[in-house]
Every structure is written in C-alpha cells, then in structure tokens.
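Encoded as structure tokens, the structure appears first; notes follow it.
The values are calculated or read from the model by the stated rules, or taken from the named source; none is laboratory data. If you're wondering where the values come from, they're calculated on a predicted model, not measured in any experiment. Note: ideal-geometry Cβ built from the backbone for every residue, glycine included; neighbour counts use all protein chains shown.
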Amino acid sequence: MNDSIDQDHEREIAEYLLSHPDFFVRNEEVLNDLEVPHRTGDAVSLIEHKVRMLQDKANQYQKQLQELIAVARENEQLNQRLHRLTLNLIESTSVEEVLATLQDELRDRFNADAVELKLFSTEDLKEAQVSEAGMAIFRKFMHTDKPTCGPLKGEKLKVLFGDQAGEEGSAALIPIRTSDLSGVLAIGSRDRERFHSGKGVDFLVRLGELVSLTLQAVSARHPR
C-alpha cells in the first residue's frame, strides 16, 4: 500500500516538474541543495548529475559515430576491391581464367585462405547426376539465391577445398547460376569466426551476380 502511495506521489511530482519547467528558476535554492545519489555511493548535485548524463549521452553518440565511420570506410574499401575485381574478370576468356582471377583477387585483397568454384551442368542437377564426388550435399544450396556464411568442418570442407582444407574453418558459400550452369563459389578461411552466420551478405550477393554474369559472357563468346 505504502509503495503504491509513494509511486503515486512520485508520479505527481514528476508530472508537476515537467509541466512547470520554470520551477527551478523560481526556486534556485532547491536546485542548489538537491543531491542525487551516484552508483559509486557519492552524492552529487542535480546540476552535476545532469552534466554527467549529458556527457554519457555525448560519449554514446561519439561511439555510434565512430562505428558508422568505420562501416562507411569498410564499405568504400569493399567497393574499390569489387571494382578492381570486376575489371579483371572482364578480361577473362575462359572458366579457368575466371577461377584464377577469383583466387588471386579474393586471396590477396579479401584475406581468403582458399577459393574454389564448383560448376555443373544445369541438366545434370535437374537429373540429380552431380558427377563430382561429394558435391551432392550442396545440390539443395545450388538451387537457392542467397549466399550463406558459417563454420565448416569434416566432409564439407574436404569436398569444397580438397587438400587446402584443414580440420575446421569457416566459409562463405555463394550460389552461381548461368543459363546452362549452376554451382558454388566457396571462399574459405581457417578461422572459424572469419565467416560467421551473422555476417552481412549484401556484398556476397553482388559478387555472386558478378561471377554469374562473367561466366555467362564467357560462355556466349566461347560456346562449348
């Protein structure tokens, strides 16, 4: 009961002060005498408490600004790297050159430990005849449109990266699709946290579109 009364009184006081912002102007002695308990145990004046609150907010805004700047810089670096990769892929004249370019650029500029491009005939996938050993476990993924990131180990690592695979690691898997080919672009790292499930995939989506269009262009210039 007393708690209820106290809460009601506190609410009335708060509402009064909010509706009369000039109260402390008319009663400066109250403002000067008020002390607010601090978490450390030291009491401070209301003005000092307000200043500390403003400083805390300013620090929070500063931290948020720094985080936004860091994200903007990272995005700018990614855009520059993607632009360079695009220019190099344009010059590719075969699937082998596309893979070589991806391996060079993604390893050197994106800190990847391994890069592999697995491609299959669309007809083979429709007929469930993936000839390369082990790749059947990725058949469902090849029919999706969204890249995925996460830890990998064991058979999946071995299937994707062969002798380059360690005991465990992480990878970004990007579905690749042209008019007659489907596959997986795998970017691997020995660090299990390098490609984690919470990592944004917008860049990977663009990379997948770029590689798919490049392969389509190569196929059109040099039909099999």
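For region 39-52, the criterion of being modelled with pLDDT of 80 or more and part of a loop (DSSP other than H, G, I, E, B) is met by none of the residues.
Considering only residues that are of a type outside the set (Asp, Glu) and not in a helix (DSSP H, G or I), look in region 17-38 and name the one that is modelled with the lowest pLDDT. I'd like the intermediate steps shown before the answer.
Just the residues of region 17-38 that are of a type outside the set (Asp, Glu), to begin with: 17-21, 23-27, 30-32, 34, 36-38.
Imposing the further condition that a residue be not in a helix (DSSP H, G or I) reduces the set to 20-21, 27, 34, 36-38.
Numbers: 20: 80, 21: 76, 27: 75, 34: 65, 36: 61, 37: 64, 38: 58.
So, considering only residues that are of a type outside the set (Asp, Glu) and not in a helix (DSSP H, G or I), the one modelled with the lowest pLDDT is 38.
Under the condition of being exposed (fewer than 14 other Cβ atoms within 10 Å of the Cβ) and hydrophobic (A, V, I, L, M, F, W, C), the residues counted in region 137-164 number 1. Within region 143-163, residues that are without any contact (Cβ under 8 Å) to a residue 24 or more places away in the chain have Cβ atoms under 6 Å from residues that are surrounded by fewer than 14 Cβ atoms within 10 Å (Cβ to Cβ) in these pairs: 153/168, counting only partners at least 6 apart in sequence or on another chain. Restricting attention to region 72-117 and to residues that are acidic (Asp, Glu) and assigned to a helix (DSSP H, G or I), the residue that is nearest to residue 183 (Cα to Cα) turns out to be 96.
When residue 86 is tested against (1) in contact with a Leu (Cβ under 8 Å, 6 or more places away or on another chain); (2) modelled with pLDDT under 85, just one condition goes unmet, and that condition is (2).
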